[in-house]
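The block underneath contains the structure these notes are about, expressed in structure tokens.
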Amino acid sequence: MSLNSFGHLFRVTTWGESHGPALGATVDGCPPGVPVTAEALQHWLDRRKPGQSKYTTQRREADEVEILSGVFEGVSTGTPIQLMIRNTDQRSKDYGDIAEKFRPGHADITYWQKYGIRDYRGGGRSSARETAARVAAGGVARAALGVLLPDLVITGCMVQMGPHGIDRACWDDEEIGRNPFWVPDAQAAEDWAGYLDGLRKSGDSVGAVIEVGAKGVPPGLGAPVYGKLDTDLAAAMMSINAVKGVEIGDGMSAAALTGSANADEITMGPDGPVYSSNHAGGILGGISTGQEVVVRFAVKPTSSILTPRKTITKSGEETEIVTKGRHDPCVGIRAVPVGEAMMACVLLDHVLLHRGQVGDGPRGQIG
């Protein structure tokens, strides 16, 4: 049973554990001739790696990616690309106290109930560290998309931390890279710094909402009824460790709208259809409209905290647990580049599926 893979034509399999010798990804289906270098992939991994500010885990990992196969003379060969990231700063002794206990809110208990064995050192496969492999694979997807859709731009950001949201009237794309929270609102970044610092010092954690947008997506990606673009995007984002909710466009908020308010009215522009709004998040009937594709996902608070919590042992005894070690007070911060990577992987997969079904010729021309 292989359940560590996702994608159809562009298929990614991740492997490895948080405290094992290495982790990585096998990427199959990348078209040949795509420029792929370790240096280019490293750019994306550097945005996700831990220890870059006091607001993330202080585990120091270089996250240096190695390309073991599928690339020759700087370009993809069309064969499987094997990516490896070595773990260099494990402190497994930090987890000795929880070998017999389950962390509330964590996958410890369900892994044990399903398999009868679990890697308690950092959570094994359930650790957020697994996402480093996704970001590396996402770098390959971005490289291919750069060839196939050169105008595509994927941008992720944090739009909510705990109960605190951004002021969308202050949205500034340039601000996203200027602060440690990937937030497009300078005032929010300043306010959140004090809020998260207080939580960090108290030994607690908090969740977040991440938004990922893709501009330059052509119309026509996705297929009814079980191959919808939003179906695969939702599954991809939901598969990220710690994610508990996903929405496309207005998502849950659309339930509060009337039909007249929710409808994205259409007029004819010089280059094709023009939409008055984007409540649909760039997808109708599972097929992209040509507008920006917008996805949001909610990340729960980190389960490994210093605040004592009631739990049980493997033998069923009631006890308390305090998780020592180095953990993110808001794991949502480092989820931003992960969400971007998953968006890239899904979009590339659907570009290849689209070409395979209908080719590159003109279809459904309007006007």
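The values are calculated or read from the model by the stated rules, or taken from the named source; none is laboratory data. None of the values given here were measured: they were computed from a predicted structure. Reconstructed Cβ throughout: ideal geometry from the backbone, glycine too, with neighbour counts over all protein chains shown. Accessible surface areas use protein heavy atoms only, side chains included; no ligands, DNA or RNA. Shrake-Rupley method; radii C 1.70, N 1.55, O 1.52, S 1.80 Å.
Pairs under 6 Å by beta carbon, first residue modelled with pLDDT of 95 or more and part of a helix (DSSP H, G or I) in the stretch 126-149, partner open to solvent by 20 Å² or more (accessible area, probe 1.4 Å) and of a type in the set (A, V, I, L, M, F, W, C), six or more apart or different chains?
Val135/Trp44; Gly139/Trp44; Leu145/Leu152
Which condition number in (1) closer than 30 Å to Ala193 by Cα; (2) buried (at least 23 other Cβ atoms within 10 Å of the Cβ); (3) out of contact with any Phe, Trp or Tyr (no Cβ under 8 Å at 6 or more places or on another chain) is the one that Val346 fails?
Looking at each condition in turn, Val346 falls short on (1).
Limited to the stretch 180-213, what total is found for residues that are surrounded by fewer than 19 Cβ atoms within 10 Å (Cβ to Cβ) and of a type in the set (S, T, N, Q)?
Looking only at that region, the number is 2.
Between Ile166, Ile240, Ile248, Ile176, which is open to solvent by less than 20 Å² (accessible area, probe 1.4 Å), of a type in the set (A, V, I, L, M, F, W, C) and touching a helix residue (DSSP H, G or I) at 6+ places or on another chain (Cβ under 6 Å)?
Going through Ile166, Ile240, Ile248, Ile176 in turn, just one is open to solvent by less than 20 Å² (accessible area, probe 1.4 Å), of a type in the set (A, V, I, L, M, F, W, C) and touching a helix residue (DSSP H, G or I) at 6+ places or on another chain (Cβ under 6 Å): Ile240.
I'm trying to understand the selection: among the residues of the stretch 10-28, which are buried (at least 19 other Cβ atoms within 10 Å of the Cβ) and either over 18 Å from Glu66 (Cβ atoms) or out of contact with any strand residue (DSSP E or B) (no Cβ under 9 Å at 6 or more places or on another chain) (or both)?
Matches in the stretch 10-28: Phe10, Ser18, His19.
Is the stretch 281-304 home to any residue that is modelled with pLDDT under 90 and surrounded by fewer than 22 Cβ atoms within 10 Å (Cβ to Cβ)?
Yes, some residue in the stretch 281-304 is modelled with pLDDT under 90 and surrounded by fewer than 22 Cβ atoms within 10 Å (Cβ to Cβ).
Can you name every residue in the stretch 195-253 that is among the aromatic types (Phe, Trp, Tyr) and in contact (Cβ under 8 Å) with a residue 12 or more places away in the chain?
The one that is among the aromatic types (Phe, Trp, Tyr) and in contact (Cβ under 8 Å) with a residue 12 or more places away in the chain: Tyr195.
Any residue in the stretch 33-56 that is of a type outside the set (A, V, I, L, M, F, W, C), at pLDDT 95 or above and more than 30 Å from Gly177 (Cβ to Cβ)?
Checked the stretch 33-56: at least one residue is of a type outside the set (A, V, I, L, M, F, W, C), at pLDDT 95 or above and more than 30 Å from Gly177 (Cβ to Cβ).
Any residue in the stretch 257-271 that is small (Gly, Ala, Ser) and either touching a helix residue (DSSP H, G or I) at 6+ places or on another chain (Cβ under 7 Å) or on the phi > 0 side of the Ramachandran plot (or both)?
Among the residues of the stretch 257-271, not one is small (Gly, Ala, Ser) and either touching a helix residue (DSSP H, G or I) at 6+ places or on another chain (Cβ under 7 Å) or on the phi > 0 side of the Ramachandran plot (or both), which makes the answer no.
Under 7 Å between Cβ atoms, which residue pairs at least 6 apart in sequence (or on different chains) link something in the stretch 282-293 that is within 11 Å of Val217 (Cβ to Cβ) and in contact (Cβ under 8 Å) with a residue 12 or more places away in the chain with a partner that is assigned to a strand (DSSP E or B) and open to solvent by 60 Å² or more (accessible area, probe 1.4 Å)?
Glu292/Lys215
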